[in-house]
1. What is the helix-to-structure angle for 334-347, meaning the angle in degrees between its Cα long axis and the longest Cα principal axis of the chain, kept from 0 to 90 and rounded to the nearest 10?
2. What value, in deg cm²/dmol to 500, does the helix sum -39500 (n - 2.57) over DSSP H runs of n ≥ 4 give at 222 nm once divided by the residues of the chain?
3. Can you give the convex hull volume of the alpha carbon atoms of the chain per residue, in Å³?
4. Just to be sure I understand: if I project the alpha-carbon convex hull of the range 211-306 onto a plane and average over all orientations, what area do I get in nm²?
5. Using all C-alpha to C-alpha distances in the range 377-535, build P(r) with 5 Å bins and read off the rounded percent in each one.
6. So for 85, 150, fewest C-beta neighbours within 10 Å to most, what's the order?
7. Please work out the Cα center distance from the range 278-352 to the range 516-574, rounded to the nearest Å.
8. Over all distinct Cα pairs, what is the inverse of the mean 1/r for the range 300-420, reported as the Kirkwood hydrodynamic radius in Å?
């Protein structure tokens, strides 16, 4: 339950309680502050640069989502302080790009205030163009870059113009427009020279796509950067297939030494391609698994290296059929595959994965296929970054483009992983038309479905799920189940759907609530009424929450509820009632800081009242 003045980790009686949502904790903190200092001073406090630096460090320390969440609450508005907003927005865009949230980044840039400075606008549009390329939107990226290139940047900003021209060339590479890319590269060389490593890599990529492998090798002969070695080895594989085994060994070694995930994935992918050319199918599969378990660099590998989930599925099945031929196993005879696969789980996990993949594809009935998928997934989980590989293997495969083709048991596992990683869109897609898993808690499943729907913007579906739970005659209501459902209704308040939250809270009043739960529910209903500007109704429920069990109650909950009621009464224009409540609270507290807050409220109320009387005259 949410407690306005109790500790976040304790229930009202001091016993350990359930962990509360972050937005609730922030709310509780705000309420306490209101009782400790002048509200006017608190509102006026500005967040200085140290806050932003702290959030930047938080993102670099491995918690970018938390940093973004705090930014949502703490970033100054552009209307109030454009300079401060710009500083925060610069950091936000970098975090969004680093997290691969390219669509969110593009939307932020598109909604920039028109008054932002030209330097920040160029920086933001450059990130937008790069994000568009990451999403494969080459034509849109060129449109963004055209705007930048025509913006008349000063001559001393030569480096950023070179960056824009590189992105233009990348857009041509992405669309396999080799002639346009070649011409753009020539012009780039004329304007900026050929000392830039980015120019060499782009040139080599264009040459490889055009089949000029020897020219690419010559261009990169002295380039020992990771990108240079990758492209040079890719060219060597195409021009000298007899060296495939050696190239596979070298690429695998480089992958093991590399720390950047994108480059590591590229080298593992190259090692897999070379191993396949050398006829080593087991190595191909092993390297593909490693490559797909890491985030890739699509711009570097486009047109040079194919790397996708279906390639791994095809490799599993091709190797499995080869084993079947060698060992006289028949497709359609499930036992020929199942028993050898289970025997190999401990001794040769790679062989086991291959055999289970074959059984998953060609098993004689859905039940046996599902069992094989379960085994395959459990084995992949034991590998480094196995969860990432599983998601890609099933969610990025053409085989399972239609989620209804996914084995049910795998869908449940992927839903859990998507929820844990915060990928609510994927969780929503996987949960569509899916019943609760056998033996699971239907109430818990429907709550999860509702929460996912709410946070992915399908408010109607989320509310419908909650309404069905509340109207269910089979549901046994306990304090715990009511509390869990209440947490999801809080989510509706978080996304500002107060009408729906209010209706659900009202329906919950008919349930067997504990005395304190009923008191709390009235308080949260009042919060929604306050947001809906129904101030007199909000004041009524705040006071009802304060006095539900004792008309004279002055415990911390009652004091907070009375204080909120007085604020609502001021908004409703009922100043005399507000003054009476503030005065009562002032008499009931001995804390100096609380007294200061209340005296300040009374003084402001007196000024408001005087202004109204003078206006009336």
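1. Result, in degrees: 80.
2. On the way: 33 runs with 445 residues, N = 617.
Estimated from H runs of four or more residues: -23000 deg cm²/dmol.
3. On the way: hull volume 125.1 nm³, N = 617.
It is 203 Å³ per residue.
4. Working: hull surface 21.8 nm².
So the mean shadow area of the Cα hull is 5.4 nm².
5. Result, from short to long distances: 1, 8, 17, 17, 17, 13, 10, 7, 5, 4, 1, 0 percent.
6. Details: 85 20, 150 8.
Listing 85, 150 from fewest to most nearby Cβ atoms yields 150, 85.
7. Value for the Cα centre distance between the two parts: 63 Å.
8. Working: mean 1/r = 0.0670 Å⁻¹.
Radius from the Kirkwood sum: 14.9 Å.
Quick note: the coordinates plus some simple rules give every number you see, no bench work behind them. Every value quoted in this text rests on a predicted model; they were computed, and no experiment measured them. No Cβ is skipped: glycine too gets one built from the backbone with ideal geometry, and neighbour counts run over all protein chains shown.
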